[in-house]
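Accompanying notes for the structure given below.
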């Protein structure tokens, strides 16, 4: 979801330079703002906007649903790890008791060692599978989320006709009046809630 700064920065500089040149029609430079004074009011905003990606992810219902799924999957993984750990520990304690009570034969000790190794191997395989599933699910969720946001932005921009819509993180400073994050979140959620019903 992050765009490379090197890709966006030249475009941003060009847009800022262009808007700076257009807003300064007079030959004399604009007076510098005094310390503590408010900047002079801009009559027309440039034809680009920005979105705060962190806010979109925090407030978009699809993102929240995916996050809840990932939390459930992590909880399931943790519970499974504890179950296997308890099983291995219980068997180790059983082996320890047999050793203390001198009830082992060489054959039974070897059999228990093999069983303990098998328990460890089973745990490793089961947890590895759960981790892989979780990782694959996370990657699919990220792709669905990215596609959903990009598709919405295309539709949104078709209605508004902006020259560019940036991620806030790709800028050093941008006028807060150019922020369309709330509109984007509202539109994303309205579209998602319709589909979900």
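The values are calculated or read from the model by the stated rules, or taken from the named source; none is laboratory data. Just so it is clear, the model here is predicted, and its values are computed rather than measured. Heads up, the Cβs are rebuilt from the backbone with ideal geometry, glycines too, and the neighbour counts pull from every protein chain shown.
Does residue 133 satisfy being touching a residue at least 60 places away in the same chain (Cβ under 8 Å), assigned to a helix (DSSP H, G or I) and out of contact with any helix residue (DSSP H, G or I) (no Cβ under 7 Å at 6 or more places or on another chain)?
yes
Please specify each residue of the range 141-166 satisfying the condition of being farther than 19 Å from residue 59 by Cα, part of a helix (DSSP H, G or I) and in contact with a strand residue (DSSP E or B) (Cβ under 9 Å, 6 or more places away or on another chain).
Across the range 141-166, the qualifying residues are 157, 160.
Quickly run through the range 167-181 and pick out the residues that are touching a residue at least 24 places away in the same chain (Cβ under 8 Å), farther than 18 Å from residue 156 by Cα and part of a loop (DSSP other than H, G, I, E, B).
Start the filter on the range 167-181 by keeping residues that are touching a residue at least 24 places away in the same chain (Cβ under 8 Å), which leaves 167-171, 174-175, 177-181.
From the residues that got through so far, the ones that are farther than 18 Å from residue 156 by Cα too are 169-171, 174-175.
Hits for the range 167-181 are 171, 174, 175.
Would you mind telling me which numbered condition in (1) modelled with pLDDT of 95 or more; (2) surrounded by 13 or more Cβ atoms within 10 Å (Cβ to Cβ); (3) under 30 Å from residue 53 (Cβ atoms); (4) more than 22 Å from the chain's Cα centre (by Cα) residue 130 fails?
(4)
If you check 123, 117, which single one turns out to be surrounded by 13 or more Cβ atoms within 10 Å (Cβ to Cβ) and part of a helix (DSSP H, G or I)?
123
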